[in-house]
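The values are calculated or read from the model by the stated rules, or taken from the named source; none is laboratory data. Note that this is a predicted model, so its numbers are computed, not measured. Please note: Cβ atoms are built from the backbone with ideal geometry, for glycine as well, and neighbour counts cover all protein chains shown.
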Amino acid sequence: MNAVAVDGVWKFYGDFPALRNIRLEAPEGGCLALIGRNGAGKTTLLRTIAGFSRPGKGRIEIFGKEPRDIQARRRMGYIGHGISVYDELSALENLTLYGKLYSLPDPHRAALEWLERTGLARVAHGLVREFSRGMRQRLAVARAFLHEPSVLLLDEPFTALDDRAIAVLQSLLRDGLAQGKTIVMSTHQLREALELATHVALLNRGQVAFLGPCTPEMVSDPGYVYARYGEGG
Amino acid sequence: MRFARLVWVVTVKDLRAELRTKEAINASLGFALVILILFSFAFERSIEGVREISGGLLWIVFAFAGTLILNRSFARELPNDCLDALIAAPIPGSALFLGKAFANFVLVLAVELVSLPIFGIFYNVQWTQQLPELMLVLLLGTWGLTVIGTIFSALTVNIRLREVMLPMLTYPIMVPALLGAMQLTSALVAGTPIGPDTSSWLKMLIGFDLIYTAVSLVLVETVLVG
């Protein structure tokens, strides 16, 4: 079964088609890396899959349900460009808040557990505004994983992460894949992404230029997909 | 039950965040007090004159000061893209809206409750003669302002000039609620209880609150996601 299915999706900003007839699937337990140059439509596609905006045309399904369906949202975790945690609240308050919003049985315990897993337990009661950038990013990771989502939508997850946060995130993503979670991530950091990816989609000017399994050539030479299928390839 | 719990979670989060920074409440309270004090020098302070203008003066101050709080309602979610996480969370848009509206209601009401005694002192008015009815009008009028302000705060959150746009969009829509609240407040401050002459304003205020609450609850998902 496909965890994420995108069928003939168009997205317009005014008259400009940011996404043009996108068709792709992310199989359950797989990792789909969305790659492409700046402005190719990766973020727009991920945000549309996440349900932040509706497609102009076409259909998106998360485990067979529309992205705005409450059940679909319960199974989805999202990391975008922002860390999506409140500066005025402590790390523990932030995670407990999201635990409550996701109706976890014991939000406080889940929050403490994820603070431990991301190495933030000692600053659990510290306000986020006092955190370093790396700590904030690890908290963002904890926030996205808190409710044990089945599908992770990650927009440039490795960008601006410090070494420790990259290690934490990669370890969590590997564990997630081993547990059968599905990952859809957009990225420019091809090496990190292709190490995890089972499938690759190359977007070019809002269209899918290539969609297929991640091959050893791609992993050994991250520029391979661009060279072969990108503009001028 | 789950819906009520989600509303409560959002309300508590907003109030906690605001009380930690005090950004909106301080600005709103300061604005309300300055305007009340300045107007006290501008107007003739005969008992009759003050009673006549009391409703208009108070509700204009409440509306202007309240906008400073309402402007922050969804704008508070912009730093760190917190709005994305709220929209992605499995909570109905209506729960998010109501949670924010309740938090705004509490904050605007707090500003009003501090402003009233200041009004009484500076304008030398015995405003507590019909206190229970005045409180009822305060609650209804404030809910009307809050509902409109919260939904338009969601609508204008991504607009660059939202601080200007929010009052421009909301004040014309608030007119019926403000008009009702002004008329009732003037009468109540003058010591006249709500009677046949003024009960129609009360009904209009209640109707306004019900209609705009229902409309906002229906529209909020579209406003947030498009």
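Below are the figures for this structure:
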| read-out | value |
| --- | --- |
| Of all residues in region A:51-86 being part of a strand (DSSP E or B) and in contact with a Phe, Trp or Tyr (Cβ under 8 Å, 6 or more places away or on another chain), the one that is farthest from residue A:182 (Cα to Cα) | A:57 |
| Near pairs, Cβ below 7 angstrom, 6+ apart or cross-chain, from region A:63-82 (at the interface with chain B (Cβ under 7 Å from one of its Cβ atoms)) to any residue that is among the aromatic types (Phe, Trp, Tyr) | A:74/A:102 |
| Any hit, region A:111-128, residues being outside any loop (DSSP other than H, G, I, E, B), within 13 Å of chain B (Cβ to nearest Cβ), farther than 26 Å from residue B:94 by Cα and in contact with a helix residue (DSSP H, G or I) (Cβ under 9 Å, 6 or more places away or on another chain) | yes |
| Neighbours by Cβ (under 9 Å, 6+ apart or cross-chain): first from region A:116-144, within 13 Å of residue A:162 (Cα to Cα) and among the basic types (Lys, Arg); second modelled with pLDDT under 90 and not in a loop (DSSP other than H, G, I, E, B) | A:133/A:165; A:138/A:164; A:138/A:165; A:138/A:168; A:138/A:169 |
| Evaluation of residue A:193 against (1) free of Cβ contacts under 8 Å to residues at least 60 places away in the same chain; (2) under 17 Å from the mean Cα position of the chain (by Cα) (one fails), failing number | (1) |
| Restricting region B:45-84 to residues that are over 23 Å from the mean Cα position of the chain (by Cα) and in a loop (DSSP other than H, G, I, E, B), the residue that is farthest from the other protein chains (Cβ to nearest Cβ) | B:46 |
| Subset of region B:194-226 [surrounded by 13 or more Cβ atoms within 10 Å (Cβ to Cβ), among the small types (Gly, Ala, Ser) and over 16 Å from residue B:94 (Cβ atoms)] | B:207 |
| Residue in region B:30-44 that is free of Cβ contacts under 8 Å to residues at least 60 places away in the same chain, away from chain A (no Cβ under 14 Å), in a helix (DSSP H, G or I) and under 15 Å from the mean Cα position of the chain (by Cα) present | yes |
| One residue from B:157, B:189, B:164 being surrounded by fewer than 19 Cβ atoms within 10 Å (Cβ to Cβ) and at pLDDT below 95 | B:164 |
| Test: residue in region A:30-37 that is within 27 Å of residue B:2 (Cα to Cα) and surrounded by 20 or more Cβ atoms within 10 Å (Cβ to Cβ) | no |
| Answer from A:141, A:168 - the residue that is within 21 Å of residue A:90 (Cα to Cα) and more than 12 Å from the chain's Cα centre (by Cα) | A:168 |
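Per-residue answers, yes or no, for (1) touching a helix residue (DSSP H, G or I) at 6+ places or on another chain (Cβ under 8 Å); (2) assigned to a loop (DSSP other than H, G, I, E, B); (3) among the β-branched types (Val, Ile, Thr):
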site	(1), (2), (3)
A:4	yes, no, yes
A:8	no, no, no
A:21	no, no, no
A:25	no, no, no
A:33	yes, no, no
A:40	no, yes, no
A:44	no, no, yes
A:49	no, no, yes
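Quick grid of which residues meet (1) within 20 Å of the chain's Cα centre (by Cα); (2) assigned to a loop (DSSP other than H, G, I, E, B); (3) within 24 Å of residue B:27 (Cα to Cα):
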{"residue": "B:160", "(1), (2), (3)": "no, yes, yes"}
{"residue": "B:174", "(1), (2), (3)": "yes, no, yes"}
{"residue": "B:180", "(1), (2), (3)": "yes, no, no"}
{"residue": "B:194", "(1), (2), (3)": "no, yes, no"}
{"residue": "B:197", "(1), (2), (3)": "no, yes, no"}
{"residue": "B:200", "(1), (2), (3)": "no, no, no"}
{"residue": "B:204", "(1), (2), (3)": "yes, no, no"}
